[in-house]
Amino acid sequence: MAITSTAKIRPRALVRASGGPRYAVALAVDALGTGLLRPFLLLYGVTVLRLSAPVTGVAMTAGIVVGLVCMPAVGRWLDRGARSTVVAASMLVRVLGVALLLATPAGHAWPFATAALFLGIGNQAWPAAHAALVATVAHGRERDTALAAGRALRNAGLGTGALIATACLTGGTSALQALAAVTGVAYLAAATLAWSVHLHADPAAGPAEAGAADAAPTPAPAHAPVPRMRALLAANVVYVFCLNVPEIALPLVLVTQLHASPVWSAAVFVANTVLVVTLQVPVTVLMSRFSRRSVLALAGVVLAVSYLGFLVATSLGHGWGAPAVAVVSVVCTLGEIVYAGSATALVTVLAPAHALGRTLARFELSTGFGLAVSPAVITALTPHGPAALWGSLAGATLLSAAAVATEKDQGTQPKDAGAGPSGSAASTAGALSASS
C-alpha cells in the first residue's frame, strides 16, 4: 500500500524524537565503549585470561543465550512505565560485567562466564528498552526515523570504538585490560546520562497517546491482548542472519573458499558500517511512503537476491570472486538497512500501549535467538559448498518474506500501514518536557 506523504529529515526534531541531546550522547558513549571491547572479548579470554578458544567461545555463547532469559522481566518492567531507567539499567549491568572481567584471575573460566553473562544481559535488554523509550517520545513516521537514527549513531560508535581498539592492540594484554577499563567507564557515563533523562510512560495511556499519530483505520483497544506475531517472529529469526553475514559468512567464504586476502573481509566490514551509518536514516525516510509490513517483506526479497548473488560470485573462483563478493555485499547491506528500518518500527505499532514492553521483549527474543544460532548454522553449511549455504539462506529468507507479507494483524492494528510524518516535533518536545 503506497502512502502519499513521507517523513522528512529535520535534524533538531530528530534529536528530540530520539530522546533528546543527553540521551543521544548517552547512546554515542555507550556504543563507543561497546566497540572498544565486544569485538575483542574472545581475544581477551584467550590472551589475557589464558583460556582455550573453545572454552572462551562457549562462555560467550552461554552469556548471550542465558541473557535472553531476562527479556520477559524486562518487558514487564517496561509495561509498568519505566523507560530511561531500564535503558540505564541495561548499561549498568554491563559495568558489573566489565568489573568482573577485570577481576577474573588468569585461567579461571567461571568468573569469565559470569562476566559474559552480565554483558549478555545488558546487550539483550538494551534494544527493547531503547525502542520503548523512542516509541514513548516519538510517534508516526517520526518514530521510524528516530529508531533509524539511533541505529546509525550506534553503528558509528561501534565502528569508531573498534578502530581505536584495533590501533591499541599492539600494546598486548595490558592494552586489552586498559580497553576493558575504559569500556566500563563509558558504560557508567552512558548510564548516568540515560538515567538523567527521567522519562517515564503512563502504563494506563491508551492508543490516543501512544499511537494515534500512526493514524490508520482503527487503533488497538486500550486493553488489547499482546499480539502473537507468530509469522513475524519466526521470520525475524531468519532475517537477522543478515547481520552476521559481513562478520562471519563472508570472511569464512573469502578466506577458505576463494583464498582471498583478509583485506577483502576487512573492506566488506568497513563498507557495511559506512553504508549503515550514512544510509540508514535516508533509506528509512524514503521507504516511509509504503506500509512497514510491505517494506519488511521487500527487505527479505533484497536479502534473498543478495544471497543468490553471493552464490554466483563465489562460482567465479579465485581472481574475480573476491571483488564480486564485495560488490554483492553492498546489496546485502541495503537489505539489512531496509530490514532494520522497518522491523522494530512495525512491532512498535502492532503493540497496544499497555503491552509495548512485552511485545518488544518477544521480538528481541527472536532477534537474540537468530543471532545466537546463525554462527553455528553458517559454519555448518559452509563446508557443504556455496549452494548449501547461499541457496539455503535465500530460500529460507524468501519464505520468511512471504510469511511477513501474508500475516494478518490481530487486534485491529492495521496502523502499520501508517500515515506519513505525523507525530510532530511539537508533540515530541511536549512529551520530553512533561517527563523531565
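Observations
- Options SER84, SER5, SER90, SER18: the member that is of a type in the set (S, T, N, Q), modelled with pLDDT of 95 or more and closer than 29 Å to THR145 by Cβ: SER90
- If you filter region 61-71 down to residues that are aliphatic (A, V, I, L, M) and within 14 Å of VAL373 (Cβ to Cβ), you find that the one that is modelled with the lowest pLDDT is ILE64.
- Failed item, numbered, when VAL93 is tested on (1) farther than 30 Å from ARG289 by Cα; (2) open to solvent by 40 Å² or more (accessible area, probe 1.4 Å); (3) in a helix (DSSP H, G or I): (2)
- LEU286 of a type outside the set (Ser, Thr, Tyr), open to solvent by 50 Å² or more (accessible area, probe 1.4 Å) and farther than 15 Å from ALA249 by Cβ: yes
- Count of region 22-43 residues, restricted to those that are β-branched (Val, Ile, Thr), over 16 Å from THR166 (Cβ atoms) and surrounded by 18 or more Cβ atoms within 10 Å (Cβ to Cβ), is 1.
- Here is the figure for region 224-283: residues that are over 15 Å from THR333 (Cα atoms) and not in a helix (DSSP H, G or I) total 11.
- Scanning region 66-90 for residues that are surrounded by fewer than 17 Cβ atoms within 10 Å (Cβ to Cβ) and within 30 Å of ARG50 (Cα to Cα) gives VAL66, VAL69.
- Residue that is open to solvent by 10 Å² or more (accessible area, probe 1.4 Å) and not polar (S, T, N, Q), where the choices are VAL349, VAL255: VAL255
- Checking each residue in region 48-57 for being loosely packed, with under 15 Cβ neighbours inside 10 Å and assigned to a helix (DSSP H, G or I) picks out ALA53, PRO54.
- Complete set of residues in region 289-301 that are among the hydrophobic types (A, V, I, L, M, F, W, C) and open to solvent by 20 Å² or more (accessible area, probe 1.4 Å): PHE290, LEU298, VAL301
- From the list SER306, SER329, SER342, the lone residue that is buried (at least 21 other Cβ atoms within 10 Å of the Cβ), modelled with pLDDT of 95 or more, within 30 Å of PRO227 (Cβ to Cβ) and in contact with a Leu (Cβ under 7 Å, 6 or more places away or on another chain) is SER342.
The values are calculated or read from the model by the stated rules, or taken from the named source; none is laboratory data. The structure displayed is predicted, hence computed values, not measured ones. Every residue, glycine as well, gets a Cβ built from its backbone with ideal geometry; the counts of neighbours run over all protein chains shown. The accessibility values were calculated without ligands, DNA or RNA, using every heavy atom of the protein model including side chains. Shrake-Rupley method; radii C 1.70, N 1.55, O 1.52, S 1.80 Å.
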